[in-house]
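J.: Sending over a structure as structure tokens; questions will come in a sec.
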Amino acid sequence: TFRKGFNSLLVARRALPAFSLPSFSGTAAISPYQQQSQVEFTLSKRKTVQHNPASKVEVPWFPISRADLDHLGKKSLEFGAELDSNHPGFLDAEYRDRRRAIVDKGRKWRFSDGEPLPVVDYSQSENGTWAYIYDHLKDASQKHAVGAFNEILHDMEKECDYNKGRVPQLENVSQFLSSRTGFTLRPVSGLLTARDFLNALALKVFFSTQYIRHPSRPLYTPEPDVVHELIGHAPMLADPDFAALSHQIGMASLGASDEDIERLATSYWFSVEFGLCVEDGATKAYGAGVLSSVDEIEHACAPPPAAAPEYAPWDPFVASVQPYPITSLQPLYFVAQSLADAKTKMREYTDRMSRPFSASFNEATGEIQTTPGVHRQPLK
């Protein structure tokens, strides 16, 4: 999971006009701010860059194989083994030591070694935390999650040992995802930069934590943990449309400018993390940040009238420049007409992005192929 390096504080939200759910079918009216941002971005991206195969182009470093991700798995901006002073486990020395041991084990794993993902022998306390959350989230998801999530979760309970008894192992989940959509999991020590995290998605790799939140606040975490990854992200990564949406964002991030990385990360936030869509006339959750939080899923899908958030039709041209808070319930959600609609609109957005080279993912080799003459800057 990523954190935008400079955006660690709450940001002001620009108001969006309300629209009715779930009966919208076209594009809702947008504010002058949104309209201006969308037009400026669209015009700037319509300037297609023609690549000359004989010329060389220098771009920010990006991975071309899964082995390249071994350089990123050890990097993190924050959390991981070290905790911020406002973390529930900051004063718990035993909890901090336990996290450090789990992180250190994950740091040693490498794609290039060809070994199974590291196994974590979760304690009774950790399994108890998982059980408490699993019960609460499963009940909420049956009411408010998209049908694909509940169907896949049912399959994972049979094939990946998903139950309230113990935390599933990454290796089992990764094998399941690979058989469904080609995605795999890789352990990570903490939050990554947006560029590093999104680049991995191009290789159909999802960086996943293995430690679990502090037991004193089982329904709250200030960071991604194994609950967020395995309940929020993993089931949806087994859905073809959702997996394609994630992969599209990853492919578009390869060699992208810092500005485009920022826009892609924001689009990811409003779709993969906090996206909603319409199913059977109701608003349902498909984003991991919603699916892995009891408070968030109720707030997004069944809020009391006095505390209802705002909704807007899913449009990456608008969403990519929309500010958002990172430590509170979301005041605004973008709603797709379906998972396929979310994927299609993201494709329309990334197709407008200009880049001085072309890139593709070879499913057979699991590697990125580019047009000739691409020079990746040294890895920082």
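The values are calculated or read from the model by the stated rules, or taken from the named source; none is laboratory data. These figures come from a predicted structure and were not determined experimentally. When we count neighbours, we look across all protein chains shown, and the Cβ atoms used for this are built from the backbone with ideal geometry, even at glycine. With ligands, DNA and RNA removed, areas are computed over all heavy atoms of the protein, side chains included. Shrake-Rupley method; radii C 1.70, N 1.55, O 1.52, S 1.80 Å.
J.: Taking a 1.4 Å probe, which of Asp258, Asp104, Asp113 shows the most accessible area, and what order do the others take after it?
T.: Output order, biggest surface exposure first: Asp258, Asp113, Asp104.
J.: Calculate one ³J(HN,Hα) per residue across the stretch 130-139 by plugging θ = phi - 60° into the Karplus curve 6.51 cos²θ - 1.76 cosθ + 1.60, and present them in order as whole Hz with x for glycine and proline.
T.: Each residue's phi maps through the Karplus curve to give 4, 4, 4, 5, 4, 4, 5, 6, 5, 4 Hz.
J.: Tally Lys/Arg at +1 and Asp/Glu at -1 over every other residue whose Cβ is under 11 Å from the Cβ of Ala256; what's the total?
T.: Residues near Ala256 contribute -1 overall.
J.: Same structure again: Need one value: the accessible area of Asp92 in square angstrom, 1.4 angstrom probe, rounded to the nearest 10.
T.: 50
J.: Count the net charge of all other residues whose Cβ sits under 13 Å from the Cβ of Lys345, scoring Lys and Arg as +1 and Asp and Glu as -1.
T.: Working: positive: Lys343, Arg347, Arg352; negative: Asp241, Asp315, Asp341, Glu348, Asp351.
It works out to a net charge of -2.
J.: So who's got an amide H within less than 5 Å of the one on Glu310, skipping anything under 5 residues away but keeping other chains? H placed 1.01 Å off N, in plane.
T.: Those lying under 5 Å, H to H, from Glu310 are Leu332, Tyr333.
J.: State the Cα centre-to-centre distance between the stretch 287-329 and the stretch 180-253 in whole Å.
T.: Using only Cα atoms to place each centre, the spacing works out to 19 Å.
J.: Let me spell out the model: positive unit charges on the Cβ of Lys and Arg, negative unit charges on the Cβ of Asp and Glu, origin at the Cα centre of the stretch 111-261. What dipole size does that give, in debye rounded to 20? Can you show the working numbers first?
T.: Values: 11 positive and 21 negative charges, 57 e Å.
Roughly 280 debye, rounded to the nearest 20.
J.: Looking at the square roots a ≥ b ≥ c of the eigenvalues of the Cα gyration tensor of the stretch 228-307, which shape do they give, rounded for a/c under 1.5, prolate if a/b is larger than b/c, or oblate? Present the calculation step by step, with values, prior to reporting the outcome.
T.: Values: a/c = 2.20, a/b = 1.70, b/c = 1.29.
Because a/c hits 1.5 or more and a/b exceeds b/c, the stretch 228-307 counts as prolate.
J.: From the phi of every residue in the stretch 279-290, what ³J(HN,Hα) in whole Hz does the Karplus formula 6.51 cos²θ - 1.76 cosθ + 1.60 yield, where θ is phi - 60° and glycine or proline is x?
T.: Calculated HN-Hα couplings, in order: 9, 6, x, 10, 7, 10, 9, 10, x, 5, x, 7 Hz.
J.: Roughly how far apart, in whole Å, are the Cα centres of the stretch 99-118 and the stretch 332-380?
T.: When both Cα centres are located, 28 Å separates them.
J.: Given a 1.4 angstrom probe, what's the average accessible area per residue across the stretch 53-174, in square angstrom?
T.: Working: 6260 Å² over 122 residues.
That works out to 51 Å² per residue.
J.: Let me ask something else about it. Which peptide among 214-223, 332-341 comes first, and what is the full order, when sorted by highest mean count of other Cβ atoms within 10 Å? Let's see the in-between values first.
T.: Values: 214-223: 16.1, 332-341: 20.1.
Most protected by this proxy first, the peptides run 332-341, 214-223.
J.: Ignoring any ligand, DNA or RNA, what whole percent of the accessible area of the stretch 61-213 comes from carbon and sulfur when the probe is 1.4 angstrom? Provide the component values of the computation, followed by the final result.
T.: On the way: 2960 of 6320 Å².
Accessible surface attributable to carbon and sulfur in the stretch 61-213 totals 47 percent.
J.: Estimate the FRET efficiency between Lys380 and Ala93 by the formula 1/(1 + (r/R0)^6), using the beta-carbon distance for r and 30 Å for R0, to the nearest 0.05. The partial results should precede the final answer.
T.: Values: r = 33 Å, r/R0 = 1.11.
Efficiency, rounded to the nearest 0.05: 0.35.
J.: Can you pull the percent of the stretch 214-289's accessible area that's carbon plus sulfur, 1.4 Å probe, other chains left in place?
T.: Working: 930 of 1790 Å².
The computed percentage sits at 52.
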